[in-house]
Every structure is written in structure tokens, then in C-alpha cells.
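In what follows, a structure is listed as C-alpha cells, so that the remarks can point back to it.
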Amino acid sequence: MALIAIGGSVGAGLFIGSGTVVQMAGPAAVFSYAIAGALVFLTLRALGEMVVSVPAGGSFSDYARLAFGPRAGFTIGWVYWWMYAVLVAAESVAGATLLAGWIPGVPAWVLALAVLLSMTAANLISVRVFAETESLFSMIKVATIVAFLFIGGAWALGLWRGADGSSIANLWEHGGVAPHGWTAVLAATVVVLFAFGGVEIITVAAGESAEPERGVASAVTNVLWRIGLFYVASILVVVMVVPWNTVEPGVSPFVMVMEHIGVPGAALIMEIVVFIAVLSVLNAAMYTSSRMLFTLTRQGDAPHVLRGANRRGVPVRAILAGTLVGYVAAVAEYLFPGRVFPFLVASIGAILLVLFVTICASQLVVGRRVREREPQRLGFAMWLFPYLTWATLAGLVIIAAAMLIIPDQRPALLTSLGAVVVALAVYEVRRRIGTPPTDRVLVVGGRPDADGLRRDPAAP
């Protein structure tokens, strides 16, 4: 499950998008990645506590339901499903764009369909095929990053053949550590936060693992050093090897570093790795969207017909439903070539921020109930509860406030909040004309309370 977390979070956002972050913050981009990484890790720790202490199918929409009722569960579940359904479409188009450079003459929409169909087949076969495919993709990315850190670090220290002494001075030359000020570092943190999206997939996958509690605990614990190694250390190597003001947005700084050092075929190697990263994120997004939709059917928040699974336990209908946006995107790419991917990325916007805020808020409520009624379930407790959870929530709110202030980020936040409003409106329609929503997701021995936990007779 640790490899699944890597597969969902290490993608083109790191290999290519990091160039934009370096341009915004300069060498201080390292701090932007460290701040965002800390917020994501603590959010994941809070989610991990709920998964271990109150197993609920690995879906954090269940925890929103436990904490705040069926309205919250319905809204967050559908918003999360929409984010990953759109991500499936976006990664299909991104993969087609990369393939177009290698297979000239083939229309992009045809390539997008080919990418989408191949990953759909992998997800339809079995959960094991998904896990093995994701593990292979993740290992390739891990090997690439480790090689990058070794070669780039040796060059920066002047230990690599051909290096003209140490280049660590690039950290403070060319305008200082934070050439655009520390406000720019916060602005860059907003951008970085979305690159970490996908680590929460491990809690969804936990519901189908043999030992979900131990698996989640191990994966969450290991995420910290992986974030430090893959993100913070990689960006540190970038800004040490090349001057930050030579990094161009949209161009992979990893390729720039390798070309600067003189590694032959660096551009082609990184293109292949980025394509694998796109397939990896697409694979993880397809899995996550289908399991979230399956959870929504279980709660009665989605049509029951989508709940069907085959003999291997694969929710075939939910997987196919999650690819519909991708097929629409392929048609749109045919009608409006080159304009689909930016629109899809913008439509995802700040949904991840909304989800992280919901996770922390839910853990404040669910964590308090567990501590009051069944404290023996706290096998993976959040540190310094509730203070550290409140601090994490405050940090996420500050990021949201920064998005409102930063002109380039404001439309994404408002669009994402609009998606939440739409989901809330649909819930109200469903509540009035559909079947009564449920607010129970778990029976923990005997007759449950409405929040899914039984009350300890000895508790006050």
C-alpha cells in the first residue's frame, strides 16, 4: 500500500510542475514543499487514526457521514468521485499528448482512447492486477528519483566527474534564498499542495487488503520519509545544481539538471518516466473513483445498479461509470484539440483542499467519540489530539485564504466550492424525492448509536 500511495502522488506534478514552483519561490521552493508535505502528512495521520479505530470501508466519506451526518457524507463522496473521474480524463489526454510526440500522424483523441482502454482493462481484471501494475509503475518512479538524487547530489558537491567544484552557492546567489519574498513561498505552497494529492488512496485500498489496520499504519508512517526524499530532497538538488532563474515553467527541471550534468539521453529518459507517471496516476485515479462510487451505492447515495461486482470482487459497473468523463474528454479533444487538458485541470481546482479540511474536521469529531466510548480502539492515534489536528486544520484554512488572495488561484477555489454547492443542492433534491438517506455506516458490536459507535457503559 505504500507503493500505491507513491503511485497516486508522484506524477507529472513533481517531474514537470515543480518548475513553476521554483520560478515562484526560488531556492525557497524547498520550504514550500516541506510545509505542504507536513500538512499532507498530518492530514493522512488523522485519516489513518479513523481508518484503524473505526473501520468503514476505507472511505473518508464514511467518516464525514459519521461526524456530520448524511449530508456531509453524500457531498464529500460525490465531490471526491468527481475529482478522480475528471483526473482520469485529464491523465488520458496528458498521456495522449506524450504519445503524439512518439507516434506522429495519429490523432490525439485516438491515443487518449487507447490509453484509457488499456488502464480500464487493467482495473477490470482484478484488484491484484491493479496493485501489481501500480507497484511496477511506482518502482520505476522510485528508481528514477533515487538515481536523480545520487547523480545530482554528487554534482552539487563537486564529486561527479566533470563537475567544476561545488555548486551549492546557487542556493543563495542569484537574488538570495527567497528572491521574491516569503509571501511568494506561501503562494508556491498553494501550488505544491495539489501535487501531493493521491496519498489518501491508501485508505481506500485498505478496505480490500488482508490486514487493513496494519497496512494503513505502516503506509502512513512511511509516507513521511518518502515525502522528504522524493519531493523536498529532489527540489533541493534542482536548486543546488542549476540557478533557479534558469528553470522554465512547463519544462521539467529534472531534465534540465540531467542535461546540465551531461547525462546522455536525459530528455528521452524523462519523457518515458513522465509517461509512466501519467499511467500510474491514471491507474490509481480509476481505482479510487470506482471504489468511491461503490461506497456511495452502499450508502444509497448512488443508483443501486452501479453496485454490481464480478466473481473476483471487482466493481465493474462503477469502474466503467468512472471512465465516462474520460470518453467525453476524448471526443472533446477531437472537437477542440489542445484545449481539453487545461480545462480539466482547472475544474479539479481546490477540491483536494476541501477534502483535506473535511478529513481534519471529521477526525476532531470521530476522534473525540472514540476516546470517550472505546479508547481501546486507538491503535494508531493522532499525536497531541486535538491540538495538532486543529493546527493542521488552521494551516489548510490559511492555504484556502491565500488562494482567495492570489489572483491566479482564486478561480480554482471558487470553481471547486461551486462543485460543493452543486453536490449540496443535489442532496436536498434527493432527500425530498428519493429514499431516506442513512447515517449509519458501521456496527461495532450490538446495537449502534447513530454515529456508528456503541457507548461504553462505564463512560459518563
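The values are calculated or read from the model by the stated rules, or taken from the named source; none is laboratory data. Here the structure is a predicted model, which is why all the values come from computation and not from measurement. Using ideal geometry, Cβ is built from the backbone for each residue, glycine included, and neighbour counts are taken over all protein chains shown. Just so you know, the surface numbers come from the protein's heavy atoms only, side chains and all, with ligands and any DNA or RNA stripped out. Shrake-Rupley method; radii C 1.70, N 1.55, O 1.52, S 1.80 Å.
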Helices (runs of 4 or more DSSP H) (entirely within the stretch 9-105) containing at least 1 residues that are more than 30 Å from residue 179 (Cβ to Cβ) and free of Cβ contacts under 8 Å to residues at least 40 places away in the same chain: 70-102
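Considering every residue within the stretch 272-288, establish whether at least one is touching a residue at least 40 places away in the same chain (Cβ under 8 Å), farther than 29 Å from residue 102 by Cα and surrounded by 24 or more Cβ atoms within 10 Å (Cβ to Cβ).
Applying the first criterion (touching a residue at least 40 places away in the same chain (Cβ under 8 Å)) to the stretch 272-288 yields 273-288.
Cutting the leftovers down to farther than 29 Å from residue 102 by Cα gives us 288.
Add one more test, that the residue is surrounded by 24 or more Cβ atoms within 10 Å (Cβ to Cβ), and what stays is 288.
Yes.
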Number of the exception - residue 46 against (1) open to solvent by less than 10 Å² (accessible area, probe 1.4 Å); (2) at pLDDT below 90; (3) of a type outside the set (S, T, N, Q): (2)
Unmet criterion (only one of (1) of a type outside the set (Val, Ile, Thr); (2) modelled with pLDDT under 85; (3) more than 16 Å from the chain's Cα centre (by Cα)) for residue 19: (2)
Boolean, residue 328 is in contact with a helix residue (DSSP H, G or I) (Cβ under 9 Å, 6 or more places away or on another chain) and over 30 Å from residue 179 (Cβ atoms): yes
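When the residues of the stretch 282-302 are filtered to those that are assigned to a helix (DSSP H, G or I) and among the aliphatic types (A, V, I, L, M), which remaining residue is farthest from the chain's Cα centre (by Cα)? If you could, list the steps in order and put the result at the bottom.
Initially, the stretch 282-302 is screened for residues assigned to a helix (DSSP H, G or I), giving 282-298.
Keeping just the survivors that are among the aliphatic types (A, V, I, L, M) gives 282, 284-286, 292-293, 296.
Numbers: 282: 11, 284: 9, 285: 9, 286: 13, 292: 14, 293: 17, 296: 20 Å.
The qualifying residue farthest from the chain's Cα centre (by Cα) is 296.
One line per residue, one yes/no per condition, for (1) free of Cβ contacts under 8 Å to residues at least 40 places away in the same chain; (2) open to solvent by 70 Å² or more (accessible area, probe 1.4 Å); (3) in a loop (DSSP other than H, G, I, E, B):
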position	(1), (2), (3)
120	no, no, no
134	no, no, no
137	no, no, no
147	yes, no, no
154	yes, no, no
162	no, no, yes
169	yes, no, no
Residue selected from the stretch 249-269 under the condition modelled with pLDDT under 85 and under 23 Å from residue 175 (Cβ atoms), by the criterion least open to solvent (accessible area, probe 1.4 Å): 252
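Just checking, how many residues over the stretch 239-258 are part of a helix (DSSP H, G or I) and within 16 Å of residue 158 (Cα to Cα)? Spell out how you get there, then give the answer.
Filtering the stretch 239-258 for residues part of a helix (DSSP H, G or I) gives 239-241, 244-246, 253-258.
Going one step further and asking which of them are within 16 Å of residue 158 (Cα to Cα), we end up with 239-241, 257-258.
Qualifying residue count, the stretch 239-258: 5.
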Positions within the stretch 79-109 being under 15 Å from residue 323 (Cα atoms) and open to solvent by 40 Å² or more (accessible area, probe 1.4 Å), in sequence order: 82, 109
Which numbered condition residue 179 misses (of (1) modelled with pLDDT of 90 or more; (2) surrounded by 24 or more Cβ atoms within 10 Å (Cβ to Cβ); (3) not aliphatic (A, V, I, L, M)): (2)
Residue in the stretch 95-127 that is modelled with the lowest pLDDT, counting only those that are within 21 Å of residue 315 (Cβ to Cβ) and more than 21 Å from the chain's Cα centre (by Cα): 126
Checking residue 124 against (1) farther than 19 Å from residue 293 by Cβ; (2) open to solvent by 30 Å² or more (accessible area, probe 1.4 Å); (3) assigned to a helix (DSSP H, G or I), the condition it does not meet: (1)
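Would you say residue 236 is part of a helix (DSSP H, G or I) and modelled with pLDDT of 90 or more? Lay out the reasoning, then the answer.
Working: part of a helix (DSSP H, G or I): yes; modelled with pLDDT of 90 or more: yes.
Yes, satisfied.
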Where residue 38 falls short, out of the listed (1) crowded, with 22+ Cβ neighbours inside 10 Å; (2) more than 22 Å from residue 281 (Cβ to Cβ); (3) aliphatic (A, V, I, L, M): (1)
Whichever residue in the stretch 126-160 is charged (D, E, K, R) and touching a Phe, Trp or Tyr at 6+ places or on another chain (Cβ under 9 Å) and, among such residues, is nearest to residue 227 (Cα to Cα): 141
Breaking point among (1) modelled with pLDDT of 80 or more; (2) surrounded by 12 or more Cβ atoms within 10 Å (Cβ to Cβ); (3) among the aliphatic types (A, V, I, L, M), for residue 421: (2)
